[in-house]
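Enquirer: Dropping a structure here in structure tokens format, bear with me for questions.
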Amino acid sequence: MAPILYALAQEKEKLSQQERRIADFILSSPAEVVHMGIKELAEQCGTSPATVTRFCKVFHLKGYPDLKVKLSAEIAHTEMQERSQASSYQDIVANNPLSKIVEAMEANHLTSIRDTTSLLDMDRLSEAITLLCKAQRIDLYGVATSSVVALDFYQKLIRIGKNCTAFADPHMQITSASTLTDRDVAVAISYSGETEETLNALACAKDSGAQAITLTSYGSNTLASMADIPLFVSSLEEGMRRGDMASRVAQLHIIDILFMGMNSEQFGQYVPKLEQSYQNVRNYRKPKGGH
């Protein structure tokens, strides 16, 4: 199922009765919604255009036109997958031949990246890149698998001279967050968007005055609701026992986009530092006495 439709199916029980009717209609007739005006959809669902707009905001969409654009893209992508007989996410199978495991991992990772790319909001992405470039200091929060993603971003940012920290320990996250200011940025990473330690660290960072960027699975979650700029990766198909594999790849995909975007926006400032760090590492890794 496409990312937005999957998120609607997963989250609809948390919605109000009127919002749930909108979600049910979209899930049953997504292709029709693409060609409907907001008043027409509201009438079909027995609600108001204002409720449709609020519904879109719950799912971090800019409004009804944004919903239609993303739905249209997802429908086209799904149809293309069906024509090519492309696989959806594949789970762990007992005694699977190694060749099938390789194929399944490739399919999972490619699907995760494609689905995540379809969710990208270019305006939000651009705002996040500019905010990171301007930040005096950047804090990165994530635990468990998300801490690996935070550390990956950390090792990228220090290569271009950014003042940043990445702690997996919750106490150190709070300690660091306590020292941020309104010139700083906190980046909180959690696939579920409900990891208590990450929520606490970001709350502390915001209390200190920092701007907040979050990276979560698509849908309604607490962490994204706290963000100044929420970014999303695709939600995985239900039943995936090892979803953290594909979610990590999707998160790293966004991190790479942010990093490349920063280097492009501040090319003259960051790229020389990137080159210098590469040369220094290369020089200092030479064996002593080598030629």
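Enquirer: Say we look at segment 89-123 and pick out the residues that are among the charged types (D, E, K, R) and closer than 30 Å to Pro65 by Cα; which of these is modelled with the highest pLDDT? Step through it out loud before you land on a result.
Expert: At the first step, the residues of segment 89-123 found to be among the charged types (D, E, K, R) are 91, 100, 103, 106, 114-115, 121, 123.
Now restrict to residues that are closer than 30 Å to Pro65 by Cα: 114-115, 121, 123.
Numbers: Arg114: 85, Asp115: 84, Asp121: 88, Asp123: 91.
By that ranking, first place goes to Asp123.
Enquirer: Could you check segment 1-27 and list, in sequence order, the residues that are touching a residue at least 60 places away in the same chain (Cβ under 8 Å), part of a helix (DSSP H, G or I) and not aromatic (Phe, Trp, Tyr)?
Expert: Within segment 1-27, the subset touching a residue at least 60 places away in the same chain (Cβ under 8 Å) is 1-7, 10-11, 14.
With the extra rule that they be part of a helix (DSSP H, G or I), the set shrinks to 3-7, 10-11, 14.
The answer is Pro3, Ile4, Leu5, Ala7, Gln10, Glu11, Lys14.
Enquirer: Here's a follow-up. In segment 49-60, is there at least one residue being open to solvent by 20 Å² or more (accessible area, probe 1.4 Å), of a type in the set (Phe, Trp, Tyr) and either in contact with an Asp or Glu (Cβ under 8 Å, 6 or more places away or on another chain) or within 19 Å of Asp123 (Cα to Cα) (or both)?
Expert: The answer is no; no qualifying residue exists.
Enquirer: Further question on the same structure: Is there a residue being open to solvent by less than 30 Å² (accessible area, probe 1.4 Å) and among the polar types (S, T, N, Q) anywhere in segment 12-31?
Expert: Yes, segment 12-31 contains at least one residue that is open to solvent by less than 30 Å² (accessible area, probe 1.4 Å) and among the polar types (S, T, N, Q).
Enquirer: Restricting to segment 130-147, name every residue that is surrounded by fewer than 16 Cβ atoms within 10 Å (Cβ to Cβ) and part of a helix (DSSP H, G or I).
Expert: Kept after step one, since they are surrounded by fewer than 16 Cβ atoms within 10 Å (Cβ to Cβ), are these residues of segment 130-147: 130, 134, 136, 144.
The answer is Thr130, Lys134.
Enquirer: Answer yes or no as to whether Ala86 is over 26 Å from Tyr191 (Cα atoms), assigned to a loop (DSSP other than H, G, I, E, B) and either among the basic types (Lys, Arg) or modelled with pLDDT under 85 (or both). Explain how you work it out, then say what you get.
Expert: Numbers: over 26 Å from Tyr191 (Cα atoms): no; assigned to a loop (DSSP other than H, G, I, E, B): yes; either among the basic types (Lys, Arg) or modelled with pLDDT under 85 (or both): yes.
The answer is no for Ala86.
Enquirer: If you take just the strands (runs of 3 or more DSSP E) that sit entirely in segment 156-257, which of them hold at least 1 residues that are over 19 Å from Tyr6 (Cβ atoms) and open to solvent by 50 Å² or more (accessible area, probe 1.4 Å)?
Expert: Details: elements: 164-167, 185-189, 211-217, 229-233.
Hits in segment 156-257: 164-167, 211-217.
The values are calculated or read from the model by the stated rules, or taken from the named source; none is laboratory data. Being a predicted model, the structure only gives us computed values, none of them experimental. Don't worry about glycine lacking a Cβ; one is built from the backbone with ideal geometry, like all the others, and counts go over all protein chains shown. Calculation scope for accessible area: heavy atoms of the full protein, side chains included, ligands and nucleic acids excluded. Shrake-Rupley method; radii C 1.70, N 1.55, O 1.52, S 1.80 Å.
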